[in-house]
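Presented below is the structure to which this report refers.
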Amino acid sequence: MRCYLTARGGLPLAEQASLPPAIGSDAHLPRVWVDATHRFQVVEGFGGAFTEAAAVTWLKLGEAQREALLRAYFDPEHGHGYTLCRVHMNSCDFALGNYAHAATPGDLALEHFSIERDRQALLPFIQAALRVAGRPLKLLASPWSPPSWMKSNGAMNGGGYLRPECRAAWAQCYVRFIQAYAAAGVPVWAVSVQNEPMASQRWESCLYTAEEERDFVRDHLGPALAAAGLGHVHIVIHDHNRDEMVERASVILADPEAARFVWGTGFHWYNGDHFEHVQRLHDAWPDKQLLFTEGCQEGGPHTGSWELGERYARSMINDLNRWTVGWIDWNLLLDEHGGPNHVGNFCSAPMLADTGTGTLLPQSSYAYIGHFARFVRPGARRVLCAATKEALECTAFAGDDGSLAVVVLNRGEAALPFVLATADEHWRVELPPRAITTLRH
């Protein structure tokens, strides 16, 4: 059993000495128990978001640092091996300003649709990541707002609604975006209907009731994708916080005509944990998938924060243990201020860049995410795992190659020795305070 550890004050993702077998005197220790014969959801992957802010920050780095960032995230042998990512369709707050691909007012036929803005930074960033990954990335495309002329408030920012007479044209914008990205060598794996459809923000936003989202999927988006030969592109609903995900998704999934187009429900972490809602939605609609589509630490860069990584790990363990099939972080890269962000909504990212010196600043969240992404590969299945001590948070996965990966988190201030027990073997593990370990067999 190989052991990888990230502990406060130590090297991140550092391989430790092989674990010793547990002995009789260890019987009093807490146990983390794994039964790989009981298997659950298949993992789609882990990753982060390509945003214009991340892309322009990446382009400010020197060539060596640009390559180092790509390898840290996408190299399948020496990096995290990201395979599941997100990109915004039209602008978002982590763009340099408002822009839309269908910017010409009244252009319902989309004669002037263009992704030229994305060719400046976004697409080169994604294309470079694909080169380093050496394999396809599953890319989720999410809009923050339709073009301003399609909305009730005449602006991309500040909420507003999609005008009914523009619904068909807006659905065709998804089709055109997917086709244009494919022509650029960047296939789109899935789309969400709307980022945070219940939030009227000072940045790009658009409001949908659950019924409006249901009707748009059923009457416009689903049929438009199917008619264009894009029925293989998954549709993700909700794409907002866990607090209301059960009620919102149920309105849509209760309609058989809408539900047949829906692959699953996306969710964020910004309004309380509500982990039980992830499980409840699975219990109610077990044939639909669950996908964590965005999370970051708000309110600035939080450079050097250890709690940052722990927040990620706790969320990942609890979401995965409740049938989530993939987990997507927010910005892949931000500058030393937590931007750029065109409305000042600065946040942290697992990788920050000091644009003055051109250096990368890995944060604790980068290492903590790595304890999942590096060792739980797409196609792995979650297996039965439980701890006898509440302070030990854990999850486990069996790979299709016969491997076993167990992730255990200790957020407390005291070391926690425990016994890792499988059907045939028992190992003694020493988990330092404020630490995370991945145990791989």
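The values are calculated or read from the model by the stated rules, or taken from the named source; none is laboratory data. Keep in mind the model is a prediction, meaning the values are calculated, not measured. Neighbour counts are summed over all protein chains in view; Cβ atoms, including those assigned to glycine, are modelled from backbone coordinates with ideal geometry.
Could you list all residues from the range 60-80 that are surrounded by fewer than 24 Cβ atoms within 10 Å (Cβ to Cβ) and part of a loop (DSSP other than H, G, I, E, B)?
L61, G62, D75, P76, E77, H78, G79 - these are the residues of the range 60-80 that are surrounded by fewer than 24 Cβ atoms within 10 Å (Cβ to Cβ) and part of a loop (DSSP other than H, G, I, E, B).
Could you list, in sequence order, the residues of the range 375-422 that are closer than 22 Å to E294 by Cβ and either without any contact (Cβ under 8 Å) to a residue 24 or more places away in the chain or surrounded by 22 or more Cβ atoms within 10 Å (Cβ to Cβ) (or both)?
V376, R382, T395, V407, L409
Just name the residue that is surrounded by the fewest Cβ atoms within 10 Å (Cβ to Cβ) out of those in the range 204-236 that are within 22 Å of the chain's Cα centre (by Cα) and over 16 Å from L162 (Cα atoms).
Checking each candidate, the answer is H232.
For G62, are the conditions met, namely being on the phi > 0 side of the Ramachandran plot, at pLDDT 95 or above, out of contact with any Cys (no Cβ under 9 Å at 6 or more places or on another chain) and not assigned by TED's automatic domain parsing to the domain that holds D400?
no
Have a look at V246, V251 and point out the one that is modelled with pLDDT of 95 or more and buried (at least 19 other Cβ atoms within 10 Å of the Cβ).
V246
What number of residues in the range 160-186 are out of contact with any strand residue (DSSP E or B) (no Cβ under 6 Å at 6 or more places or on another chain) and either small (G, A, S) or not in a helix (DSSP H, G or I) (or both)?
11
Could you list, in sequence order, all residues of the range 48-97 that are in contact with a Ser or Thr (Cβ under 6 Å, 6 or more places away or on another chain) and small (G, A, S)?
Passing the criteria: none in range.
So, R135, is that one of a type in the set (D, E, K, R), in contact (Cβ under 8 Å) with a residue 60 or more places away in the chain and in the same structural domain as N331 (by TED's automatic domain parsing) or not?
Judged against the criteria, R135 is not a match.
Can you tell me which residue in the range 270-306 is farthest from A259 (Cα to Cα), limited to those that are surrounded by 14 or more Cβ atoms within 10 Å (Cβ to Cβ) and among the acidic types (D, E)?
That would be D273.
Under 8 Å by Cβ, and 6 or more places apart or on different chains, what pairs join a residue from the range 212-236 that is assigned by TED's automatic domain parsing to the domain that holds W189 with one that is crowded, with 20+ Cβ neighbours inside 10 Å and basic (K, R)?
E213/R248
Given the conditions (1) of a type outside the set (S, T, N, Q); (2) in a loop (DSSP other than H, G, I, E, B); (3) touching a Ser or Thr at 6+ places or on another chain (Cβ under 8 Å), which single one is not true for A109?
Of the numbered conditions (1) of a type outside the set (S, T, N, Q); (2) in a loop (DSSP other than H, G, I, E, B); (3) touching a Ser or Thr at 6+ places or on another chain (Cβ under 8 Å), the odd one out for A109 is (3).
For T57, indicate whether it is touching a helix residue (DSSP H, G or I) at 6+ places or on another chain (Cβ under 9 Å), among the hydroxyl-bearing types (S, T, Y) and in the same structural domain as G158 (by TED's automatic domain parsing).
Criteria not met by T57.
Among the residues of the range 1-36, what is the count of those that are of a type in the set (A, V, I, L, M, F, W, C) and closer than 20 Å to S403 by Cα?
Looking only at that region, the number is 11.
Can you tell me which of A396, A349, A367 is small (G, A, S), within 28 Å of P432 (Cβ to Cβ), not in a loop (DSSP other than H, G, I, E, B) and not assigned by TED's automatic domain parsing to the domain that holds A414?
Testing whether each residue is small (G, A, S), within 28 Å of P432 (Cβ to Cβ), not in a loop (DSSP other than H, G, I, E, B) and not assigned by TED's automatic domain parsing to the domain that holds A414 leaves just A367.
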